[in-house]
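Below is one structure, written out as structure tokens; the observations come after it.
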């Protein structure tokens, strides 16, 4: 699904590249959490996968094709929700459909085969937003606003879901509820997930595999298998506690 081949990326005038001859791959249907200290390149990696930044050397491949621009089958969910404050829940949720209608099924901005009569209503219902569909973002809680962003993205039927610290601004009960919802949606829709987070506990809950980045330049990916992710009561298990402790030590040493 995802392959990074000898990728190098450096910001303009930076003395050290973020990635240098970096190779990494993720298979279809896998759930990855990207973890590391501030400034290690977590969000940069996500933007490379989204096609919003291009490597200065090497290639990023998604679904077998070299990425040269954002692809319509990739969904990106950001920390700030990205909602239009003057639009209702329903209007925000259909925004992706309107953009695709503007371009048409050109294969670049929208898939070449677009389903007819697409509707966001099933997703609003699935995410518990039907009663709020005529409200504006300012009338919603943080958790509800994030659910709108998720509904807008999943309504477009992506095969790759990229999330950039999507729950960091939410209170603990809301965050845990949305983490569980994300696990359910991944399983129901066979999505490939790459989620950036600064929270070790969140990475262990959501990432079946964890990509640990260090201070730049990143040359060799450090990968931690986490088979317990998604299992019932995993948060209360000794395996969860041990992995959280180990990751905290690794990041501290890094």
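Computed from the coordinates by the stated procedures, all read-outs in this text should not be read as laboratory data. Because the structure is a prediction, the values reported are computed rather than measured. Using ideal geometry, Cβ is built from the backbone for each residue, glycine included, and neighbour counts are taken over all protein chains shown.
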* From the square roots a ≥ b ≥ c of the eigenvalues of the alpha-carbon gyration tensor of the stretch 112-188, which class results: rounded (a/c under 1.5), prolate (a/b over b/c), or oblate? -> oblate
* Per residue, what volume in Å³ does the convex hull of the Cα atoms of the stretch 1-82 enclose? -> 117
* **Length gained when the stretch residue 215-residue 190 is fully extended (0.36 nm per residue, less Cα-Cα span)** => 5.8 nm
* Estimated inter-spin distance, residue 131 and residue 237, nm [label 7 Å along Cα→Cβ] -> 3.5
* Asked: Say we join alpha carbon atoms closer than 10 Å with springs in a Gaussian network model of the chain; which of 59, 231, 144 then has the biggest fluctuation?
  -> 231
* **Orientation-averaged projected area, Cα convex hull of the stretch 196-254 (nm²)** => 3.9
* In Å, descending, principal axis extents of the Cα set of the chain -> 49, 44, 31
* Asked: By DSSP, what percent of the beta bridges with both residues in the chain are antiparallel, rounded to the nearest 5?
  -> 45
* Structure fact -> Scoring the stretch 50-203 by relative contact order with C-alpha pairs under 8 Å, at least six apart, yields a percentage of 29
* Inter-site label distance for residue 139 and residue 57 at 7 Å from Cα along Cβ, in nm -> 5.5
* Structure fact -> At 37 °C and 0.692 mPa s, the Stokes-Einstein diffusion coefficient in µm²/s for the stretch 1-146, with hydrodynamic radius from the Kirkwood sum on alpha carbon pairs, is 185
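Let's test the formula: R0 of 22 Å, r as the Cβ-Cβ distance of residue 244 and residue 171. What FRET efficiency results, to the nearest 0.05? Before the final figure, lay out the partial values.
Values: r = 20 Å, r/R0 = 0.90.
The formula returns an efficiency of 0.65 here.
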* **Length released on extending from residue 99 to residue 157, taking residue separation times 0.36 nm less the Cα-Cα span** => 19.4 nm
